[in-house]
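One structure is given below, encoded as structure tokens.
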Amino acid sequence: MELDLSPKLAKKVYGGDGGSYYAWCPNELPMLREGNIGAAKLALEKHGFALPRYSDSSMVAYVLQGAGVAGIILPESEEKVVAIKKGDGIALPFGVITWWYNKEDTELVVLFMGDTSKGHKAGQFTDFFLNGTNGIFTGFTTEFVKRAWDVDDDTAKALIGNQTGKGIVKLDANVKMPEPKPDHRKGMALNCEEAPLDTDIKNAGNVVLLNTKNLPLVGQVGLGADLVRLEGNAMCSPGFSCDSALQVTYIVKGSGRLQVVGVDGKRVLETVVKAGNLLIVPRFFVVSKIADPDGLSWFSIITTPNPMFTHLAGSIGAWKAVSPEVLQSAFKVPAETEKVFRSKRTNDAIFFPPPK
């Protein structure tokens, strides 16, 4: 059976006054299950508070919009209270407990993408909440809560039953939440919109990589990530992940055309991608994108902390390394055609400016 690779939008799972949680379903995007990848979005309104939780999967979070505060508690570690804003990438290893809060007027939107290979359901995150109607406290009897936390009856009942919200709640405006600490941000988050560019091609595009060098925690997560920005009408070179990694791509901004070519030279996907779309390219399949006039930006996770790619076109394209005689024979073309082919794209590496 052929997999459906077409891009999909997330669907609302739960929410209320404080905000909503959205996820991509493996039944609609089969590559999630096939690749053991989960993807979800958290959207918090003003004073929205995402209750403390941990997940069955390691993941990378990326702030798509707004600004807020994240509480991050690594196993056997103190709570890190981190100021977060649009463009931030955050590595969340196994066992990490997080909470999220938005005190600004602008909606805070956070994307989560991660590895579900050790999770309960392939292609889907399972969150475990510490409190609320579906929380850990609610599941234990009063006796167990009293004995575990050494509290009296009334306190135990309050801990079990006072929070009637589920997952996301809206706090009163006068509730004081912890203020973020500047030193807590170090090593926990990297702003991809402000970080030094790893590749920058004039009038074409640029890329920022999230790897063990600039955010060591991604080593524990086992995932790398990148933010790619393509200028209007520019093209991203056809290429593939050469280390058997899967690439999961979320379209952050703009739109463009995309083609994917797989086994036996078959074009398995030709589509237009738009902001909010999620798509997954199977291992070793070749993908290329051309931005619409307003440009195209995407954030991807790659299922290895320090990914490697082979590009087939451009100054670092694999064809440049192949000897002329082999190219002539492979393409069945005369020497003149091979020389024209080799003479092009000698300066542009990964991104190609619009045709003049």
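The values are calculated or read from the model by the stated rules, or taken from the named source; none is laboratory data. Since the structure is predicted, the reported quantities are computational estimates derived from the model, not experimental observations. Counting neighbours? That spans all protein chains shown, and the Cβs are built from the backbone with ideal geometry, glycine included. Surface accessibility is based on the protein's heavy atoms, side chains included, excluding ligands, DNA and RNA. Shrake-Rupley method; radii C 1.70, N 1.55, O 1.52, S 1.80 Å.
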_Residue match in region 193-204 (condition: more than 19 Å from the chain's Cα centre (by Cα), of a type outside the set (A, V, I, L, M, F, W, C) and under 12 Å from V228 (Cα atoms))_ = yes
*Taking region 311-322, which residues are within 23 Å of A291 (Cα to Cα), part of a loop (DSSP other than H, G, I, E, B) and not small (G, A, S)?*
L312, I316
_Condition met for K170 (open to solvent by 20 Å² or more (accessible area, probe 1.4 Å) and within 15 Å of E45 (Cα to Cα))_ = yes
_Residue check, V81 under 20 Å from the mean Cα position of the chain (by Cα) and either touching a residue at least 12 places away in the same chain (Cβ under 8 Å) or open to solvent by less than 30 Å² (accessible area, probe 1.4 Å) (or both)_ = no
*Hey, could you check region 18-38 for residues that are over 17 Å from the mean Cα position of the chain (by Cα) and either of a type in the set (A, V, I, L, M) or modelled with pLDDT of 95 or more (or both) and say which is nearest to N277 (Cα to Cα)?*
S20
*Could you tell me which residue of region 186-205 is surrounded by the fewest Cβ atoms within 10 Å (Cβ to Cβ), considering only residues that are modelled with pLDDT of 95 or more and outside any loop (DSSP other than H, G, I, E, B)?*
N191
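For (1) buried (at least 20 other Cβ atoms within 10 Å of the Cβ); (2) of a type in the set (F, W, Y); (3) in a strand (DSSP E or B), each residue gets a yes or a no:
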{"site": "E2", "(1), (2), (3)": "no, no, no"}
{"site": "S6", "(1), (2), (3)": "no, no, no"}
{"site": "N27", "(1), (2), (3)": "no, no, no"}
{"site": "M31", "(1), (2), (3)": "yes, no, no"}
{"site": "E34", "(1), (2), (3)": "no, no, no"}
{"site": "A39", "(1), (2), (3)": "yes, no, yes"}
{"site": "F49", "(1), (2), (3)": "yes, yes, yes"}
{"site": "P52", "(1), (2), (3)": "no, no, yes"}
{"site": "M59", "(1), (2), (3)": "yes, no, yes"}
*When the residues of region 328-356 are filtered to those that are outside any loop (DSSP other than H, G, I, E, B) and hydroxyl-bearing (S, T, Y), which remaining residue is most open to solvent (accessible area, probe 1.4 Å)?*
S329
*asked:* I'm trying to understand the selection: among the residues of region 118-157, which are open to solvent by less than 80 Å² (accessible area, probe 1.4 Å), part of a helix (DSSP H, G or I) and among the hydrophobic types (A, V, I, L, M, F, W, C)?
replied: I136, F137, V145, A148, A156
*Meets criteria (more than 29 Å from R33 (Cα to Cα) and within 23 Å of the chain's Cα centre (by Cα)) for K103*: no
*Taking only region 173-192 into account, find how many residues are touching a residue at least 12 places away in the same chain (Cβ under 8 Å) and under 23 Å from the mean Cα position of the chain (by Cα).*
8
*Kindly provide the set of residues from region 289-313 that are small (G, A, S) and more than 30 Å from D88 (Cβ to Cβ), ordered by number.*
A313
*Condition met for K266 (open to solvent by 30 Å² or more (accessible area, probe 1.4 Å) and more than 30 Å from K86 (Cα to Cα))*: yes
*asked:* Can you report the number of residues in region 242-298 which are assigned to a loop (DSSP other than H, G, I, E, B), under 18 Å from the mean Cα position of the chain (by Cα) and of a type in the set (S, T, N, Q)?
replied: 1
*Would you check which residues across region 92-117 are buried (at least 20 other Cβ atoms within 10 Å of the Cβ), of a type in the set (A, V, I, L, M) and free of Cβ contacts under 8 Å to residues at least 60 places away in the same chain and list them?*
V96
*Assuming I160 fulfils every condition listed in (1) open to solvent by 80 Å² or more (accessible area, probe 1.4 Å); (2) under 29 Å from K12 (Cα atoms); (3) part of a helix (DSSP H, G or I) apart from one, which condition is it?*
(1)
*Which is more than 21 Å from L5 (Cα to Cα) and crowded, with 16+ Cβ neighbours inside 10 Å, of V218, V228?*
V218
_Exactly one condition in (1) free of Cβ contacts under 8 Å to residues at least 60 places away in the same chain; (2) assigned to a loop (DSSP other than H, G, I, E, B) is false for E325; which is it?_
(2)
